[in-house]
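Asker: Encoded as structure tokens, here's the structure I'll be asking about.
Nothing in this text is a laboratory measurement; each read-out follows from the coordinates by a stated rule. Only a predicted model underlies this, so the values are computations on that prediction, with no experimental measurement involved. Cβ: placed from backbone, ideal geometry, glycine included. Neighbour counts: every protein chain shown.
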Ligand SMILES: Nc1ncnc2c1ncn2[C@@H]1O[C@H](COP(=O)(O)OP(=O)(O)O)[C@@H](O)[C@H]1O
Ligand SMILES: [Mg+2]
């Protein structure tokens, strides 16, 4: 196993075979979960997702590591998502968040990482199609890697779906939204970019903004927006549906505890 810093062999630049230190992952190397970074999957303003080689003791070949930037909280949209997250915060922490101080940003970033891990955990247990969470620390989530050595699973967005397959995926995604709601959760940023396709099933990712319906008054609005994104995508593949009807009926069943 490599010692710190974790070795990084980026397959896009493998001809140079250079190594980059990723200190955020050292702890997971020490804990015997990862051995090295295999490839950088994406790097956005909130963070970077790596495909890592898993330590054999994990019985996985690869593990995905989502590393949030130190200041990710500054770019994460708060608006509709924030309500309910202040639960359990101490007065000093809440003031720091409200004032946007350095401490406030740190608290917010930690909150988002924790929220994503917690949502993955709850949803996996409930039988939803999400990556299995493996470990977390302040700014990193390790989770099941969806894909293989040739690359990560494709996004639904880039899929070339025939009408039958589109109907099947649409039903599976609605079923997942229903499981989420039965766990009191709404994804909040669901689109064909946050759904991977792997082994004939969807896999829903990117859940830091997931909202707990019980503590956020914007929940229905977010549910409707998620459904609008999904319905719009599938409409272009021949699936006719009404986002508002689906949202209303799901909401009613949720409120009557029928999910
Ligand atoms: N568990 C995973 N397995 C494989 N690829 C992943 C996984 N999680 C994320 N990715 C890849 O990384 C990209 C970015 O991850 P995501 O969680 O959507 O973060 P963000 O969109 O905020 O950058 C995804 O679109 C996907 O290509
Ligand atoms: Mg995403």
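Asker: Quick one: order 164, 129 by neighbouring beta-carbon count within 10 Å, fewest to most. Don't skip to the end; give the middle numbers.
Answerer: Working: 164 9, 129 20.
If I rank by nearby Cβ atoms, fewest first, I get 164, 129.
Asker: Could you work out, for the chain, what percent of all Cα-Cα pairs fall into each 5 Å distance bin, beginning at 0 Å and stopping at the bin that holds the largest distance?
Answerer: 1, 6, 12, 16, 17, 16, 13, 10, 6, 2, 1, 0
Asker: Related question: Rounded if a/c is under 1.5, else prolate if a/b beats b/c, else oblate: with a ≥ b ≥ c from the C-alpha gyration tensor eigenvalues square-rooted, which is segment 11-148? It would help to have the intermediate numbers written out before the result.
Answerer: Working: a/c = 2.22, a/b = 1.59, b/c = 1.39.
Verdict is prolate for segment 11-148.
Asker: What whole-number distance in Å separates the alpha-carbon centres of segment 112-136 and segment 192-210?
Answerer: For segment 112-136 versus segment 192-210, the Cα centre distance is 12 Å.
Asker: Find how many whole Å separate the alpha carbon centroid of segment 30-54 from the alpha carbon centroid of segment 87-107.
Answerer: About 29 Å separates the Cα centre of segment 87-107 from the one of segment 30-54.
Asker: For 92, 122, what ranking results if the residue with the fewest other Cβ atoms within 10 Å of its Cβ goes first? All intermediate terms of the calculation are to be shown ahead of the outcome.
Answerer: Values: 92 10, 122 20.
Placing the least packed residue first, the sequence is 92, 122.
Asker: Taking the Cα centre of each part, how many Å lie between segment 224-259 and segment 140-182?
Answerer: 17 Å
Asker: How do 89, 143, 197 rank when sorted from fewest to most other Cβ atoms within 10 Å of their own Cβ? Write out the running numbers ahead of the final one.
Answerer: On the way: 89 14, 143 23, 197 20.
Least to most surrounded, the residues fall as 89, 197, 143.
Asker: When the helix-only estimate is applied to the chain (DSSP H runs of n ≥ 4, each -39,500 (n - 2.57), divided by the residue count), what is the mean residue ellipticity at 222 nm, nearest 500 deg cm²/dmol?
Answerer: On the way: 8 runs with 96 residues, N = 259.
Result for the chain: -11500 deg cm²/dmol, rounded to the nearest 500.
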